[in-house]
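Structure first, commentary second.
Just so it is clear, none of the values below were taken in a lab; they were calculated from the coordinates. What you are looking at is a predicted structure, and each value in this text was computed from that prediction instead of being measured. Counting neighbours? That spans all protein chains shown, and the Cβs are built from the backbone with ideal geometry, glycine included.
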Amino acid sequence: MSDTTQTIGREPELAQLEQLLADARAGTPALVLVEGPAGIGKSTLVEHFIGAHKDIAVHTASGAAWESGHRWGVLEQLTDVPAHDAVGVAHAYLDQIDGPTVIVVDDAQWSDPESLQALSSTIRRAGERPLLMLWVIRDVLPDDVLDATAQVLTTAGHTRTVRLGPLTAADLARLALHRTGVELSAWTLQQLHDHTRGNPSWVLQLLDETPREQWHRWQARLPAPRRQTGAVRRALTSCGPDTRALVESAAVLDSTDSLALVSALAELDDPTGALDESHTLGLLSMREQRGVVSLTFPDPLTRAAVADEIGPARWHALHARAATLVDDEGEALFHLVSATPTADEELAHRLDDYAQRRAAEGAWSQAADAFITASRITPERTLRLQRMVRGVDALTGAADLPQAQAFVPEIESMPSGPMRNAVLGYLAVQRGRAAEAHQLLNEAWSLVDAVAEPELAAMICQRLVLHSLARLQGDEVVAWADRASNLLPADEPPVVESQAIRGLGMAMTGRSDDARSSYTSLSESIRLGPQSQRIRMAQGWLALALDRPDWARSELEAAEPTTLRGGSLRISLWAQAWLARTQFTLGAWSDAIRTVDRAAVQLDATGLDLLRPLVHWTGAQVHALRGNWTEAHAHLRMGRAGPIDYALMLVPSCLAAAQFAETTSSYAEVLRNLEPLVAMKHRDAIDEPGMWPWADLYGNALVMTGRVDEADTFLRPHEERAADRGHLSAQARLGYVRGRIQGSRGDIDAAVESFESALDRIATLPLSYDRARINFAYGQTLRRAARRRDADAVIRTARDIYATLGATSYVERCDRELKAGGLKTDLEQVGHHRTDLTALTPQERAVAALVAAGHTNKEVAGELFLSVKTVQYHLTRVYSKFGIRSRSELAARFRGEE
């Protein structure tokens with residue numbers, strides 16, 4: 001391995017070793033266990049590390065299984081100190097060390113215990129000598145390691161651990177490029193990573209043994225390295241015929257299939273002896289769960305090596321028999337394909353029919369496998385290409401974009417046509433390539449004959465629905481969905497998928513009531529299966545936009561799972577993106593971060609860039625509010641989008657950057673980051689109340705940068721639209737900006753009325769963050785108007801909410817506001833607030849009077865014609881303003897103030 005490939009993916013571990021060496025040079029000796037599975041690159045890492053330091057003395061030794069019982073065998077390789085006892089040897093060895101020294105014991109698990117004890121004692125007594133000791137060991141010790149050796153390895157003092165894990169797919173990409181000059185596709189990299197489990201030794205063997213041109217082709221399965229195949233061949237040769245039959249049958253079936261099925265394929269009535277021998281040879285393992293016994297291979301390479309050793313005739317015979325034993329129709333068909341050595345149109349037709357049925361149910365991953373497999377055994381070229389194209393379309397629907405991308409060169413070589421362009425356009429949408437998708441999909445529509453091919457025409461319409469949604473053009477969403485509905489019956493997949501999005505298009509153009517009605521009808525007709533997942537995702541998004549976050553959470557959580565319910569990972573990622581926003585809105589910020597982190601991993605695996613900014617928006621905002629600046633910057637970077645990207649990508653990217661800037665009081669940056677939204681031509685969706693919370697962010701920044709008149713002009717149309725829609729949270733958010741404007745103009749009474757009205761509008765909504773924002777702006781405005789006591793109470797309310805959410809950035813800003821006003825923070829405050837009744841709003845005073853008189857919240861609600869939740873909200877604000885915690889304190893304070 002060349003110097004450049006030695007360290008690929010190992011930069012963190014090398015940095016650990018460098019720091020340990022630096023500490024040793026400074027007088028802190030250390031014993032370091034360099035751990036990892038066989039072949040992971042432990043020895044290579046250590047060799048590279050010590051080779052980079054020419055000024056240190058290096059003493060090396062290695063253990064061997066057959067020498068592990070030879071006393072002092074390893075120590076003899078390191079020094080000529082006479083061996084007598086561990087402590088005496090340690091002192092004598094230390095006397096020989098002069099200057100920075102690294103002692104390396106490779107394969108330390110095979111060392112004799114006496115040597116390891118002496119070396120451990122050497123570290124214990126090294127004092128401030130510049131000594132670093134590295135023991136290279138397997139993370140799971142072999143069964144035949146001496147007990148005494150194992151005890152020393154696990155109990156040696158002064159130890160640190162540098163653990164080598166598998167390389168990532170990105171690491172493998174660099175490794176392949178350096179080793180062979182081949183740039184592997186994302187799908188091939190993932191396949192290689194899964195096949196080798198990221199073990200660099202196995203990866204390098206496969207890269208060296210596989211012809212370069214083969215890496216650019218679609219491969220149903222990867223082979224095993226020759227070394228692995230040789231080891232498996234020897235094991236299979238040594239075992240009995242029943243054992244070999246069992247192992248080969250397990251390789252033909254899925255590696256986790258039941259023992260009963262594998263035994264039936266192997267034609268064994270009693271597999272006990274064969275199972276025991278295969279386990280002893282390290283070929284198979286048995287797992288039992290609730291009475292079901294399943295078999296598994298130790299790793300994918302062992303299974304591949306077994307499969308490679310099965311001759312063609314037996315391979316075909318086993319798959320033919322397996323097709324009669326498995327229950328699943330798809331599995332049976334795939335086994336028949338493996339049993340068929342040549343092209344077979346009849347079998348291809350059966351696979352095509354199965355794929356179409358799975359696609360109709362929205363089971364895109366299964367449909368993709370069937371379409372592509374069918375294309376491989378189709379003798380006629382045109383039909384073969386058509387099936388391959390439909391397979392790529394299904395892969396895109398399943399959000400397996402890396403694998404879909406592997407077929408793009410083949411598709412692009414085909415003549416332009418409606419199906420070809422629709423598939424490439426659909427892939428471009430998912431990858432976030434707006435201009436490319438627009439050209440391809442519109443060209444596909446212009447080429448299709450809707451009368452002769454209504455199914456294809458409806459599919460193109462459905463793609464254009466998604467394209468229009470990504471452009472945030474609600475009217476186009478509705479128009480293309482209606483075209484799809486006019487082409488096919490209502491229960492056909494392209495129509496259902498179009499209708500699932502149509503409601504969002506209506507909501508973007510102010511027709512929320514119509515949107516709700518459409519989803520009610522859809523939900524009644526489609527209650528289960530993948531199509532239901534799409535409807536529930538869209539309903540959840542709509543519910544969040546319409547101030548119903550609790551309902552949104554319920555719908556989006558139901559739309560997230562995929563595996564157990566046969567849903568789509570693509571739709572699940574949409575659901576997760578909006579679920580994170582919903583959890584943020586509800587104040588469940590830790591849940592939101594977990595959702596973002598989970599979705600981010602899936603995004604990396606799928607390559608679905610369209611949703612990347614939407615997912616990372618929430619991550620950036622929460623981490624910024626919590627003061628986690630490194631994490632916030634990382635999410636901003638991963639969610640970045642520009643003017644050539646889809647509006648669905650640009651808007652959350654701009655919002656994330658603007659919200660980050662607001663957290664740091666950089667209001668000029670807020671305006672700069674939101675300028676692309678101000679300049680957008682198609683405005684319905686972004687200006688529709690509840691869809692994207694940007695107008696208050698921008699208006700507030702205008703006020704805070706002294707552009708009050710501009711803020712007034714900007715705000716008015718948004719206020720009118722929010723009032724016309726009756727959208728409470730939008731009115732509340734815009735209301736606090738209106739309060740800012742009025743306060744800046746000196747009209748403090750009007751400002752107070754605006755702030756109080758804003759708080760009243762969300763009094764019954766579970767919007768903690770919005771409530772905190774309004775109170776914070778309210779308190780700042782009161783303080784600047786010299787109403788310090790009132791400002792103190794309101795800012796304390798904001799502070800309490802921010803503290804509950806964990807928004808440390810704003811807790812600190814609240815504390816600064818309190819100090820700037822000449823008042824003490826919570827940590828400094830002594831005694832009660834001296835707020836009097838004039839600080840209460842009329843509604844708060846009425847509630848306080850009745851509670852102080854001994855009425856329950858329910859009685860107060862009946863008296864004042866309010867909900868119990870609203871009474872509790874006002875009572876909480878009264879407690880905060882008075883600095884009290886109980887009804888008895890309120891009664892005492894109220895009597896004193898009256």
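Could you give the length gained by full extension between residue 630 and residue 182, i.e. 0.36 nm per residue of separation minus their alpha carbon distance, to one decimal place?
Values: separation 448, 0.36 × 448 = 161.28 nm, distance 3.41 nm.
Separation in residues times 0.36 nm, less the Cα-Cα distance, equals 157.9 nm.
Extending 7 Å from the Cα toward the beta-carbon at both residue 76 and residue 845 defines two label points whose distance is 9.9 nm.
In terms of other Cβ atoms within 10 Å, 882, 894 run from fewest to most in the order 894, 882. Shape class of the stretch 3-163 from the Cα gyration tensor (axes a ≥ b ≥ c, square roots of the eigenvalues): oblate, since a/c reaches 1.5 or more and a/b does not exceed b/c. For residue 59, the residues 5 or more places off, or on other chains, whose built amide H falls under 5 Å of its own are 102, 103, 104. Charging the Cβ of each Asp and Glu at -1 and of each Lys and Arg at +1, and nothing else, the dipole of the stretch 3-163 about its Cα centre rounds to 380 debye. Using Cα pairs under 8 angstrom and six or more residues apart, how large is the relative contact order of the stretch 169-216, in percent? For the stretch 169-216, the relative contact order is 42 percent. The C-alpha atoms of the chain define a longest principal axis, and helix 529-545 lies at about 40 degrees to it. When a/c is below 1.5 the answer is rounded, else prolate if a/b is larger than b/c, else oblate, so apply that to the stretch 169-216 with a ≥ b ≥ c taken from the square roots of the Cα gyration tensor eigenvalues. Rounded is the answer for the stretch 169-216, as its axis ratio a/c remains below 1.5. The modelled label-to-label distance between residue 314 and residue 280, using points 7 Å beyond Cα along the C-beta direction, is 2.0 nm.
Taking 45 Å as R0, compute the FRET efficiency from the Cβ-Cβ separation of residue 455 and residue 163 and round it to 0.05. Let's see the in-between values first.
Values: r = 54 Å, r/R0 = 1.20.
Efficiency for this residue pair is about 0.25.
Put simply, the Cα atoms of the stretch 335-382 extend 30, 25, 14 Å along their principal axes, the longest span coming first.
Computed on the stretch 53-191, with alpha-carbon pairs under 8 angstrom and 6+ residues apart, the relative contact order is 24 percent. Charge tally around residue 574: other residues with Cβ under 10 Å, Lys/Arg +1 each, Asp/Glu -1 each, net +1.
How far, in degrees from 0 to 90, does helix 11-25 lean away from the longest principal axis of the Cα atoms of the chain, to the nearest 10? With rounding to tens, the tilt is 80 degrees. Between residue 750 and residue 859, full extension at 0.36 nm per residue minus the direct alpha carbon distance yields a gain of 36.1 nm. Taking amide H as placed 1.01 Å from N in the peptide plane, the amide H of residue 162 sits under 5 Å from that of 33, 34, 35, each at least 5 places away or on another chain. Cα centroid separation, the stretch 663-680 to the stretch 265-337: 60 Å. Exposure proxy shown here: for 328, 475, the number of other Cβ atoms within 10 Å sets the order, fewest to most, as 328, 475.
Taking the DSSP bridge list for the chain and keeping only pairs wholly inside it, about 20 percent are antiparallel.
Taking the Cα centre of the chain as the origin, how large is its charge dipole in debye, to the nearest 20, when only Lys and Arg (+1) and Asp and Glu (-1) carry charge on their Cβ atoms? Intermediate values should be presented prior to the final figure.
Values: 93 positive and 117 negative charges, 620 e Å.
I would put it at about 2980 debye.
For the stretch 466-476, 3J(HN,Hα) computed residue by residue from phi via the Karplus equation (6.51, -1.76, 1.60; θ = phi - 60°) reads 5, 4, 5, 4, 5, 7, 6, 10, x, 5, 5 Hz, glycine and proline entered as x.
In a reduced charge model with +1 at each Lys and Arg Cβ and -1 at each Asp and Glu Cβ, the stretch 456-516 shows a dipole moment near 160 debye about its Cα centre.
If a spin label sat at a point 7 angstrom from the Cα of residue 144 along the line to its beta carbon, the backbone N atoms of the stretch 57-90 nearer than 11 Å would be those of 65-68. Each Cα pair under 8 Å and six or more residues apart adds its separation to the average, and for the chain the resulting relative contact order is 6 percent.
Rounded to 0.05, the FRET efficiency of the residue 19 and residue 788 pair, given R0 = 51 Å and the Cβ-Cβ distance, is 0.50. Of the residues 338, 515, 90, the one whose Cα sits farthest towards the positive end of the charge dipole of the chain is 515 (charges of +1 on Lys and Arg Cβ, -1 on Asp and Glu Cβ, taken about the Cα centre). Note on residue 413/residue 681: beta-carbon distance plugged into 1/(1 + (r/R0)^6) with R0 of 35 Å gives a FRET efficiency of 0.45. The ranking of 666, 512 from fewest to most other beta carbons within 10 Å of each one's beta carbon is 666, 512. Along the charge dipole of the chain, pointing to its positive end and built from +1/-1 on Cβ of Lys, Arg, Asp and Glu, which listed residue (651, 282, 556) has its Cα farthest out? So the residue furthest toward the plus end is 651. Annotation for the stretch 773-814 versus the stretch 234-263: alpha-carbon center distance of 69 Å.
Measure nothing fancy, just the Cα-based angle from helix 887-897's long axis to the longest principal axis of the chain, in degrees from 0 to 90, nearest 10. Rounded to the nearest ten degrees, it is 30.
So what is the 222 nm mean residue ellipticity for the chain from helices alone, if each DSSP H run of at least 4 adds -39500 (n - 2.57) and you divide by all residues, rounding to the nearest 500 deg cm²/dmol?
Numbers: 48 runs with 593 residues, N = 898.
Mean residue ellipticity, 222 nm, calculated: -20500 deg cm²/dmol.
Modelled spin-label separation between residue 669 and residue 597, with each label point placed 7 Å from Cα along the Cα-to-Cβ direction: 2.5 nm.
Note the full-extension length gain between residue 272 and residue 725 as 0.36 nm times their separation in residues minus their Cα-Cα distance, in nm to one decimal.
Working: separation 453, 0.36 × 453 = 163.08 nm, distance 7.16 nm.
Full extension of this stretch gives 155.9 nm more.
Evaluated over the Cα positions of the chain, the convex hull gives a direction-averaged projected area, one quarter of its surface, of 46.6 nm². The protection proxy used here, the mean number of other Cβ atoms lying within 10 Å of each residue, ranks peptides 648-654, 776-782, 872-878 as follows, highest first: 776-782, 648-654, 872-878.
Descending by average beta-carbon neighbour count within 10 Å, the peptides 195-203, 680-688 line up as 195-203, 680-688, the highest first.
Cα convex hull, the stretch 770-826: 60 Å³ per residue, rounded to a whole number. Peptides 658-664, 611-617 ordered by packing proxy, namely the average of other Cβ atoms within 10 Å per residue, highest first: 611-617, 658-664.
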